[in-house]
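Here's the structure, in structure tokens; my notes come after.
The values are calculated or read from the model by the stated rules, or taken from the named source; none is laboratory data. These numbers were taken from a predicted model, which means no experiment stands behind them. Because the Cβ atoms are built from the backbone with ideal geometry, glycine has one as well, and the counts that use them run over all protein chains shown.
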């Protein structure tokens, strides 16, 4: 059910993103500002290599999906991490090494589906040394009290289109 919901939300976002010049209902400036604020906080924790803070920004039953392509192979690979423990381990593995990281999230679309359900589509930009990579992503966030933890994150580990 969670994958079906994620797929449907992603499809909706991509349709919204292709409708250039037309603001979809719910993609108002307040949703975009909220999305920017939330993703900036996440990028700061990413740059600090703070895997605990990152893991705690997810719901208990959150899911992170990394979708990529292996060089020389057809099709896509999908890796799924479920729950905070697996997500924290993912970040620990990502942060191995001493190289400094600079990242930012470029929010392209934010849509409040309900007052407590926010979908964000954008590009994650990461700079390691002189190399910069950009990856499309989408997030589903749910409001819990004053917080907006991530319920679902999908990152496409393929270069984003220019």
Query raised in the report: Residue check: is residue 8 modelled with pLDDT of 95 or more and on the phi < 0 side of the Ramachandran plot?
Result: no
Report task. Those residues that are farther than 17 Å from residue 67 by Cα, touching a residue at least 12 places away in the same chain (Cβ under 8 Å) and surrounded by fewer than 18 Cβ atoms within 10 Å (Cβ to Cβ), I need them from segment 133-162; list them, please. Result -> 142, 143, 144, 149
Report summary line: Filtering segment 36-58 down to residues that are without any contact (Cβ under 8 Å) to a residue 12 or more places away in the chain and either loosely packed, with under 14 Cβ neighbours inside 10 Å or in a helix (DSSP H, G or I) (or both) yields 37, 44, 48, 53
Report task. Mind listing whichever residues of segment 105-132 are without any contact (Cβ under 8 Å) to a residue 24 or more places away in the chain and loosely packed, with under 13 Cβ neighbours inside 10 Å? Result -> 114, 130, 131, 132
Report task. Would you point out the residue of segment 83-104, among those that are touching a strand residue (DSSP E or B) at 6+ places or on another chain (Cβ under 7 Å) and surrounded by fewer than 14 Cβ atoms within 10 Å (Cβ to Cβ), that is farthest from residue 152 (Cα to Cα)? Result -> 99
Report summary line: If we take segment 61-162, then strands (runs of 3 or more DSSP E) inside it with 1 or more residues that are modelled with pLDDT under 95 and within 29 Å of residue 33 (Cβ to Cβ) are 101-114, 117-128, 131-142, 150-157
